[in-house]
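See structure below.
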Amino acid sequence: MKFLNRVLLSTALCLLSTTNYADELTIGKSAPAMASIAQRLHLQDEGISYQDWQGGDLTGKVRVIHHLNAALGVDEINKPFIDTVTALKLSPSEFSTLTVLNVSDVASFLRQMAKLQIEDLQRTHTDSEYVLDTQASVRTAWGLPSEGPSITLIDTEGKVLAHKDGKLEANEVQAFVALIQKNLP
């Protein structure tokens, strides 16, 4: 019985420690850093390397952070916004799109497929940044929903300018684009 009580107590403590105590994203505040479980892709010649990413290195340029779960079609939800931003042809020294792909909820063979796809994207879109999140660390630290996409706009100081979970409507696309242009260095 003592053993069972210890197991139950340990389980309860583990659940409490993983409960969403996220700092969450707040307009005008820096995006919360997290444990370095997520991995940022780096293109080196034709090879890809991975480095720990904590979300705290978001200064120096305006960024759109596109957080996605590895689910069919989720990347299409905010495609009109991403296409609009891409069409602006902004300087990579002033602006970047950072895509965080959460693969924590998918089977290992699908995780490997997602990893290969994001590596191909990094090779194709060298001015964009990509992060592979195998533990849902970004979602947890930032208080993002477990399904669907999120778009976060960060200024040159790493502060949140705007955030939206789910699909951006046409008027929101225009508002986000205006914020990007207003905050370019």
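The set of residues in the range 149-165 being surrounded by fewer than 21 Cβ atoms within 10 Å (Cβ to Cβ), of a type in the set (Gly, Ala, Ser) and modelled with pLDDT of 95 or more consists of ALA162 alone. Assessment of the range 167-185 against the conditions (more than 17 Å from VAL85 (Cα to Cα) and touching a residue at least 60 places away in the same chain (Cβ under 8 Å)) yields no matching residue. Report whether or not THR152 is over 14 Å from THR97 (Cα atoms), polar (S, T, N, Q) and in contact (Cβ under 8 Å) with a residue 24 or more places away in the chain. Here the answer is no, as THR152 does not meet what is asked. ASP127 passes every criterion in (1) in contact with a Ser or Thr (Cβ under 6 Å, 6 or more places away or on another chain); (2) over 17 Å from ILE37 (Cα atoms); (3) among the acidic types (Asp, Glu) apart from (1). For the range 135-170, a residue qualifies if it is polar (S, T, N, Q) and either outside any loop (DSSP other than H, G, I, E, B) or over 12 Å from LEU68 (Cα atoms) (or both), and the qualifying residues are GLN135, SER137, THR140, SER150, THR152, THR156. Considering the range 122-148, and only residues there that are polar (S, T, N, Q) and buried (at least 21 other Cβ atoms within 10 Å of the Cβ), the residue that is nearest to SER96 (Cα to Cα) turns out to be SER137. Return a yes/no flag: does the range 44-53 have any residue that is assigned to a loop (DSSP other than H, G, I, E, B), among the polar types (S, T, N, Q) and either more than 30 Å from GLN174 (Cβ to Cβ) or at pLDDT 75 or above (or both). Among the residues of the range 44-53, not one is assigned to a loop (DSSP other than H, G, I, E, B), among the polar types (S, T, N, Q) and either more than 30 Å from GLN174 (Cβ to Cβ) or at pLDDT 75 or above (or both), which makes the answer no.
If you filter the range 66-90 down to residues that are without any contact (Cβ under 8 Å) to a residue 40 or more places away in the chain and not hydrophobic (A, V, I, L, M, F, W, C), you find that the one that is farthest from SER128 (Cα to Cα) is GLY73.
Every test in (1) touching a Leu at 6+ places or on another chain (Cβ under 7 Å); (2) part of a helix (DSSP H, G or I); (3) surrounded by 18 or more Cβ atoms within 10 Å (Cβ to Cβ) is passed by VAL173 save one, and that test is (1). The residue that is surrounded by the fewest Cβ atoms within 10 Å (Cβ to Cβ), among those in the range 93-108 that are outside any strand (DSSP E or B) and modelled with pLDDT of 95 or more, is SER93. Looking only at residues in the range 37-57 that are touching a Phe, Trp or Tyr at 6+ places or on another chain (Cβ under 8 Å) and either closer than 17 Å to LEU144 by Cα or charged (D, E, K, R) (or both), which one is surrounded by the fewest Cβ atoms within 10 Å (Cβ to Cβ)? Here the answer is ARG40.
The values are calculated or read from the model by the stated rules, or taken from the named source; none is laboratory data. Just so we're clear, the structure is a prediction, and the values are computed from it rather than from any experiment. With ideal geometry, Cβ positions are generated from the backbone for all residues, glycine too; neighbour counts draw on all protein chains shown.
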